[in-house]
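Below: one structure, written as C-alpha cells.
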Amino acid sequence: MRTLSRAGRVFGDLEQKVMELVWLQTSPISVRDVMRRLGGKLAYTTVMTTLDRLYKKGFLGRQKDGNAFVYWPAMTRDDVHRRIVEETVSGLLKKSTAPVLSAFVDVAVKVDEANLARLEQILAKHRRPK
Amino acid sequence: MIEPRGLIGFALTFLVASWAFSIALGAIVLLGARWLRSRGPSAERRAATYAVALPPAIGLAVVSLLAGYSAFGSWLGVVDHCPEHHHHLHLCLFHGAEWASQGWAVAAVALFGTFAAVRVVHHAATLWRARLDLRRIAGISRCVESPAGEVLLAPANRPFCFVAGLVRPRIFVSVAAWECLDDEERLAMLAHERAHADQGDPWRRSVLGLIAIFGAPLVAVRLLTLWGRATERLCDHRAAALLSRPEAVARALVSLSGARAVRPPRAAPCFVPGARDLIDRVEAVLAGHGDGRLAARRIGRTAVLLAASVIAAAGALAQPIHHALETLLGRI
C-alpha cells in the first residue's frame, strides 16, 4: 500500500497514522476507538485535536453520537492524492515560482471559447488540402 | 591600505554601467523583436539571453578594470593625483573615504544592495519550496516509461504538463492531461518537454532570473518574458521536427488548452491574458519555418564581440574614463 510521501509533509506523523486507521474502517469511529487502536499511549485530547484538525482540513467527516463525535473519511486515499497534487501544482505554477518549471501550456493563460474556436480554425485551415 | 568606503564609488559605477548597458541592449532587442522573430526562436532566445547576461558582466569587467587601474596604476607610471584634488570624489581604492559622507551615494548603494539581497534570498527560497513541492508530487505520482523517457503521472483532474528540476529535470503530467490527448498529441507534448529538459531550460531560466536582478528592472523583466516565449516556440519546433508532424504539436496545444478553457459570463467583457501567445505558437509551429540556429550563432558572435570590444576599450581607456567619471562626480 502506497503511503503519502513524508518528504512533502502532507500530514504530520500522527495525522498520517490516524488517516491510515480511519481509511481501514468500514463504519464511523470515535476518538476513544482511535486512541485504543493507536496503542492507548496517547492522551485523549491529543487524538481529539488531531481528528478535529483533519476534519477542519476537510479530510474527515463527523457527526455527534451522544456526547462525542464519530469520524469517517471524507475523501478516499486517491481523492487526497488528487487534492494534494492540485493544490501543490497551483502553488508551483504561480508567477513567483515560474522560473522553476516550464509548462507545456501556460496555466496563467485562460483560453476562452472565442480563442479556442480561432485555434480550431487555424488547425482546420492547415488540414485542408491545398 | 585599501579604503573600504571607496567601494561605494565602485558599486555605484557597476550599477550605472550595468543599467546603462541593460537599457541599451534591451532597447536593441525589444525594438528589433519583430526582426528577431522572423529569424526564428533560437535567434530570439539567444538575443534575449545575451541582453540579460551581458550588461552585469560588462559592468563587472569595467569596474574591475577601473579598480585595477586604481590599484596598479602607479606601477604603470601613473601619478597619484588624489591628494591634490580635494574638490571631487575619487574612484580610488585608497582615497575613497569621502564617499561615506555622500548621503545620496550611500543611500543608493544601500537601497540596491538590500533589493538585490532580498531578491536573491527570495529566489533561493522559491527554489527550495519548489524542490519540496516537486518531491511531494513525485511521491504520489506513478512513474511511466514513454518514448520521451521517464514521466511522472500525477493524479489530478486539472490538465497540466511541465518539466521541472534544476539538476535532474523531470516531466510531470497530470492524469487529466494524459487522458485528454491521443497518442500522437501525447508524444508531441512529451517531446516538447523533453526538449526543455535536454536544453537545461529550468536551470538556465533560474540563472538568468538571478542575473536579471542586476539589470535595469523593467527591461530585464521584458527580456525574460521574450526569452520564455521564444523558448516555448523553440521547443514546439524541436518536438515538431522530432515527430516530423508539426500538426501533432499544434493539436496537443489546442486540445490541452481546450480542456482548460474558461467560460466567462456572456454579458461580461472578458480579458484573455496571453491567449495571443498560444495562437502565435500554434501558427508558428504550423508554418514550419526554421528554428533560426544560424542567426542565433551570428547573434552570439556579435554579442561576444561587442562585449569584448567594450571591455577592451575600457581597459585601454581606463585612465581617461577614470578622470571623466571623477570630473562628472565633481559636478554632482
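Here are a few things to note about the model shown:
- Integer Hz, Karplus 6.51/-1.76/1.60 couplings in order for the stretch B:169-179, x for Gly and Pro: x, 10, 9, 10, 10, 7, 4, 4, 5, 4, 7
- Spin-label pair B:Leu60/A:Lys57, simplified geometry with 7 Å Cα→Cβ offset, distance in nm: 4.3
- Distance (nanometres) between label positions extended 7 Å along Cα→Cβ at B:Arg298 and A:Gln25: 7.3
- Per residue of B:128-137, other chain Cβ atoms within 10 Å of the residue Cβ number 6 on average.
- Relative contact order for chain B: 27 percent, from Cα pairs under 8 Å spaced at least 6 residues apart, divided by residue count.
- Average beta carbon contacts from partner chains per residue of B:200-210, 10 Å cutoff: 2
- Highest mean packing comes first when the peptides A:28-37, A:83-92, B:122-131, B:106-115 are listed by Cβ atoms within 10 Å, giving A:83-92, A:28-37, B:122-131, B:106-115.
- Model label zone, B:Ala324; criterion: amide N under 18 Å from point 7 Å along Cα-to-beta-carbon; scope the stretch B:109-128: none
- In plain terms, the chain from B:Leu317 to B:Ala100 could stretch by 75.4 nm, reckoned as 0.36 nm per residue minus the Cα-Cα distance.
- Listed peptides B:284-297, B:316-329 appear in the order B:284-297, B:316-329 once ranked by packing, highest mean of other Cβ atoms within 10 Å at the front.
- Amide H to amide H, with H built 1.01 Å from N, A:Ser30 comes under 5 Å of A:Tyr71, counting only residues 5 or more places away or on other chains.
- Efficiency of FRET from Cβ geometry, B:Ala20 and B:Glu179, R₀ 45 Å, rounded to 0.05: 0.30
- Global geometry of chain B, whether rounded, prolate or oblate, following the gyration tensor of its Cα atoms and the 1.5 cut on a/c: prolate
- The stretch B:153-202: relative contact order as a whole-number percent, Cα under 8 Å and 6+ apart: 39
- Mean Cβ neighbour count within 10 Å, used as a protection proxy, ranking B:96-104, B:65-73 highest first: B:65-73, B:96-104
- Each residue of the stretch A:11-24 was assigned a 3J(HN,Hα) from its phi angle through the Karplus curve 6.51 cos²θ - 1.76 cosθ + 1.60 (θ = phi - 60°); the sequence is 10, x, 4, 5, 4, 4, 4, 5, 4, 4, 5, 5, 5, 6 Hz, with glycine and proline shown as x.
- The protein assembly as shown shape via C-alpha gyration tensor axes, a/c threshold 1.5: oblate
- Karplus-derived 3J(HN,Hα) values for the stretch A:48-63, using 6.51 cos²θ - 1.76 cosθ + 1.60 with θ = phi - 60°, are 4, 5, 5, 5, 4, 5, 5, 5, 5, 7, x, 7, 10, x, 7, 8 Hz; glycine and proline are entered as x.
- Shape of the stretch B:126-282, Cα gyration tensor, a/c cut at 1.5: rounded
- Projected label points at A:Gln121 and B:Glu3, each 7 Å from Cα along the beta carbon direction, are separated by 7.0 nanometres.
- Other protein chain C-beta atoms within 10 Å of residue C-beta, averaged over B:298-309: 0.
- Normalising the average separation of contacting C-alpha pairs (under 8 angstrom, six or more residues apart) by the number of residues puts the relative contact order of the stretch B:189-261 at 41 percent.
Any read-out appearing in this document is the output of simple, stated calculations on the displayed coordinates, not a laboratory observation. This structure is a prediction, so every number in the text was calculated from the model and none was measured. No Cβ is skipped: glycine too gets one built from the backbone with ideal geometry, and neighbour counts run over all protein chains shown.
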